[in-house]
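*Asks:* A single structure is presented below for examination.
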Amino acid sequence: MEKATGSPSVGGSYPQKNAEILSSQYGINLFLAGLLLTFAWAVHAVGISKSHLLSYLITLMLIQLLWMLWYLCRSCTQRRLIRDKDTHAGARWLKCGITLFAVITLILDSFKIGYYIDFSNCLSPTEGIFPVTHAVHTILQVYFLWCHAKDIIQSFKTLERFGVIHSVFTNLLLWTNGVLTESKHQLNEHKERLITLGFGNITIVLDDHAPQCNCTMTTLCSIFSQGIYYLYPFNIEYHILASTMLYVLWKNIGRKVEHHQQHKTPFKFHGITVGMIFGLIVLTSTIAIVVVYLIQIGRSKIKSELALTMFYLHAIFVLALMCTAGVVALLIYRLEDRSLDNSKNPARKLDAELLVGTAAGSWLLSWGSILAIICAQAHPKYTWYNLPYSVLVIIEKYIQNLFIIESIHREQEKANDDIKTLRIVTISRGSTLSLTPSYKEIYNGRAAHDIGELPCLFSSSIYARENNGSGGANEETSQGNSSVVHSASEFSFYSRSSVADNKRRILKNIAAFLFLCNLSLWIPPAFGCRPEYDNGLEEIVFGFEPWIIVVNLAMPFSIFYRMHSAASLFEVNCKT
């Protein structure tokens, strides 16, 4: 009988496993074809133009639009059915973040449409169709993620696997296209700045894809062309966030849900004032450093060297603070004895894998800089600051990854429930010792605040005891002894609770501080402040083209790491 009951479930899993493998292979081939087409356009391959790349991307977006419309229509017809949801996936703050990036992406699309209108005489029609299609795709995809990011699909599973994985790799290709376009723009600016730093032996050949005709409205063309590149960082983050949310949806297809719901933990500013103040100081100073850097770099050799020195000193100070905060948080965790939540959770697993995987981009750049400093024959003064900066980047991400991964795997405390239970037990036993002056003095007035939050049963119980206070002396004596026992146990419990509250407050402040620091460190590379380009020492040691290839491959992962870390730390702050 056991074989008879067991075999269907085992046999039934094979089609779904095959569908998962087939859909993943379909997505990978879809991505590789688009990646090769993107690379061919970037290197000016014969017979490959930008219109071919955009036509491919437009086709993928239209297919995804059809699938999303079909899914939304089917969901509307089955809206009365109770569906399983993954409470860990598609958090509200994540949806708000992707909505913000999507709004800025729509502004980017409008700039592209305006740019196409101004250069319509010499641009392919696909360059006008692409931003329109992309805008429609963005609006519908954000709506889809808001409504269905938590879904656990249990019907049409094979078809849905192909639809979701198609969406994942479509967004990855759009991310790749954005990264490449933005990197080519940064590279052209970098080549022009190298001359001011004295690296005249490097051949300067601009890789320009500008249209070969005059603009009809010069002022608007300048606004559109410059504005596009300042908006690309938000477009890049939008697509990578969308792809991760869709990937979690794909992993959840056909999943058996454990029906213990996670408690909602809203974000609160209370208790994190110190972390927020220090984090905002770092954020403000970073914005100021970036503005000065972008103004000074490339003006002259002296100004460029001062800009690089200023950037390195500021980054070293911030990274040292982040390392210290991370070590303190890990020490607090070592002092606690709390079990880890090892239940199956695709969203949490993906978060941990992305943290380590994308950190490798920064580690690659840091080790390249360290090796260049060691091997270089000549060392300008400002390049020595690159050594502690690169070492701290490696250490800081190592510590921060440990802190975040352990935080998202730790089970939440239930101290508040224990406190409520103790209060109810105390009330039921008739203890009113918490009203005594000594108790208030010990907790500095906190007890008075807590009493105000107790149920009406407490006040009525006191009133009843006061009315019955005419009892015998023996009863008062026994109640007094009982009160002493309750006082000792209550004091011991609240002492432990006070220590736990202090630890939790420190951890929340550390998480808030690291959250703002990661946002701060996302700003410089996202908006063109990239010393890996402007330092110049690495290009001499490794060669110009090899080092630029390494930077262009690693930098997108480094930028994404900071945004993903900020999102993870926001979740840690809510959970702590």
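The values are calculated or read from the model by the stated rules, or taken from the named source; none is laboratory data. As the structure is a prediction and not an experimental result, all values here were calculated from the model. Heads up, the Cβs are rebuilt from the backbone with ideal geometry, glycines too, and the neighbour counts pull from every protein chain shown. Accessible surface is based on the protein model in full, side chains and every heavy atom, while ligands, DNA and RNA are left aside. Shrake-Rupley method; radii C 1.70, N 1.55, O 1.52, S 1.80 Å.
*Asks:* Calculate, for Ile129 and Asn18, the FRET efficiency according to 1/(1 + (r/R0)^6) with r their C-beta to C-beta distance and R0 30 Å; round to the nearest 0.05.
*Replies:* The computed FRET efficiency comes out at 0.20.
*Asks:* Between Thr99 and Gln377, what is the spin-label point distance in nm, taking each point 7 Å from the Cα along the Cα→C-beta axis?
*Replies:* Going by the 7 Å Cα→Cβ label model, 6.0 nm.
*Asks:* Amide H of Arg299 versus every other amide H placed in the peptide plane: which residues, excluding those fewer than 5 positions away on the same chain, fall under 5 Å?
*Replies:* Residues meeting the criterion, in which the H sits 1.01 Å from N, are Ser304.
*Asks:* Okay, moving on. With respect to the cross-link table entries Lys95/Lys508; Lys50/Lys349; Lys50/Lys301; Lys150/Lys184; Lys17/Lys508; Lys95/Lys157, which display a Cα-Cα separation exceeding 31 Å?
*Replies:* Lys50/Lys349; Lys50/Lys301; Lys150/Lys184; Lys17/Lys508
*Asks:* Also, quick follow-up: Given a 1.4 angstrom probe, what's the average accessible area per residue across region 15-257, in square angstrom?
*Replies:* 46
*Asks:* Sticking with this one: Using a basic spin-label model with each label point 7 Å from the Cα along Cα→Cβ, how many nm lie between Ile370 and Thr284?
*Replies:* For Ile370 paired with Thr284, the spin-label model returns 3.5 nm.
*Asks:* How much length, in nm to one decimal, is gained on full extension between Leu220 and Tyr398, taken as 0.36 nm per residue of separation minus their Cα-Cα distance?
*Replies:* Length gained, Leu220 through Tyr398: 59.5 nm.
*Asks:* With each label point set 7 Å from Cα along the Cα-Cβ vector, what nm distance links Leu66 and Cys122?
*Replies:* Rounded to a tenth, the inter-label distance reads 3.7 nm.
*Asks:* Let me ask something else. Would you work out the Kirkwood radius for region 15-257? I mean one over the mean of 1/r across all pairs of different Cα atoms, in Å.
*Replies:* This gives a value of 19.6 Å.
*Asks:* Considering the Cα trace of region 17-102, what is its radius of gyration and what is Dmax, both in angstroms?
*Replies:* My reading of the Cα-based Rg and Dmax gives 18.1, 55 Å.
*Asks:* What are the ³J(HN,Hα) couplings of region 125-139, residue after residue, when phi is run through the Karplus curve with 6.51, -1.76, 1.60 and θ = phi - 60°? Round to Hz, x for glycine and proline.
*Replies:* Along region 125-139, the couplings run x, 4, 6, x, 6, 4, x, 5, 4, 5, 5, 5, 4, 5, 4 Hz.
*Asks:* Considering only protein heavy atoms, with the full assembly of protein chains and a 1.4 angstrom probe, order Ser304, Ser24 by accessible area, largest first.
*Replies:* Highest to lowest solvent-accessible surface, that is Ser24, Ser304.
*Asks:* Where a ≥ b ≥ c are the square roots of the eigenvalues of the C-alpha gyration tensor, would you call region 290-395 rounded, which needs a/c under 1.5, or, failing that, prolate if a/b is larger than b/c, or oblate?
*Replies:* prolate
*Asks:* Which shape class, rounded, prolate or oblate, goes with region 494-560 when its Cα gyration tensor gives a ≥ b ≥ c as root eigenvalues, a/c under 1.5 marks rounded, and past that a/b bigger than b/c marks prolate?
*Replies:* Since a/c reaches 1.5 and a/b is larger than b/c, the shape of region 494-560 is classed as prolate.
*Asks:* While we're on this one: Normalising by the residue count of region 15-257, find the relative contact order in percent from Cα pairs under 8 Å and 6+ residues apart.
*Replies:* 35
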